[in-house]
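The values are calculated or read from the model by the stated rules, or taken from the named source; none is laboratory data. Since we're looking at a predicted model, the values are computed, not measured. Backbone-built Cβ (ideal geometry, glycine too); neighbour counts: all protein chains shown.
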């Protein structure tokens with residue numbers, strides 16, 4: 001049996017440490033970098049099916065954090081996480097569809113996935129989902145649904161949702177005009193310095209508009225007429241359908 005000196009062992013370790021990056025590259029093993037080590041600390045759990053870990057690995061591949069950027073790998077891990085109910089992963093899939101990254105751009109698919117994330121209360125997904133219905137992007141335009149989701153986003157502290165809701169309340173778009181409540185939401189957005197919310201709030205105040213007395217405005221009190229209109233429309237459609245079915249029965 002050969003006996004190696006400590007000096008020789010130290011030399012061998014030094015050589016191997018220099019060769020390690022080359023070996024990693026040759027074997028196509030993801031290189032770990034950065035101080036957070038998100039890839040290294042989450043990859044095992046992700047492979048075992050943990051949805052949060054899988055989403056984090058998706059982020060790593062999308063942004064090139066601790067591993068070489070690869071949008072296809074990002075899709076793989078986001079899909080795994082989204083399939084197990086991870087809300088942020090669903091939002092990321094919607095965003096990738098919207099941007100056409102790693103997949104053919106599709107407003108319809110983007111709206112679908114924004115909706116799935118919005119139903120779990122994701123604030124930004126609520127705004128993007130509302131945008132879809134406000135503009136008819138990927139879905140049939142419906143201002144009532146847009147308002148509902150802007151409102152939910154605003155109630156979760158989202159400045160963009162508050163701002164867009166305030167615009168609709170100011171302009172009476174999709175619901176009755178309500179300037180005091182519009183001012184309330186412009187002020188909420190202004191706290192976060194969102195867009196020109198501060199200027200628009202001051203403009204309303206200069207007109208003598210003041211915020212409502214109650215700290216929390218009831219959504220139903222503002223949108224009740226909108227709801228009743230939508231119910232009337234739907235009941236009208238139901239009546240029309242019933243008339244058509246009655247006619248078809250008579251023909252038979």
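In segment 157-173, what count of residues is obtained for those that are over 23 Å from the mean Cα position of the chain (by Cα) and either surrounded by 22 or more Cβ atoms within 10 Å (Cβ to Cβ) or not in a helix (DSSP H, G or I) (or both)? Walk me through how you get there before you give the answer.
Just the residues of segment 157-173 that are over 23 Å from the mean Cα position of the chain (by Cα), to begin with: 169-173.
From what's left, either surrounded by 22 or more Cβ atoms within 10 Å (Cβ to Cβ) or not in a helix (DSSP H, G or I) (or both): 169, 172-173.
Total meeting the criteria: 3.
Does residue 66 count as assigned to a loop (DSSP other than H, G, I, E, B) and at pLDDT 95 or above?
Values: assigned to a loop (DSSP other than H, G, I, E, B): yes; at pLDDT 95 or above: no.
Considered against the rule, which asks whether it is assigned to a loop (DSSP other than H, G, I, E, B) and at pLDDT 95 or above, residue 66 comes out as no.
Pick out the one residue from 114, 97, 61, 78 that is buried (at least 18 other Cβ atoms within 10 Å of the Cβ) and within 26 Å of residue 189 (Cα to Cα).
114 is the lone residue from the list that is buried (at least 18 other Cβ atoms within 10 Å of the Cβ) and within 26 Å of residue 189 (Cα to Cα).
So, in segment 174-205, how many residues would count as being more than 24 Å from the chain's Cα centre (by Cα), exposed (fewer than 15 other Cβ atoms within 10 Å of the Cβ), in contact (Cβ under 8 Å) with a residue 12 or more places away in the chain and not in a helix (DSSP H, G or I)?
Result for segment 174-205: 1.
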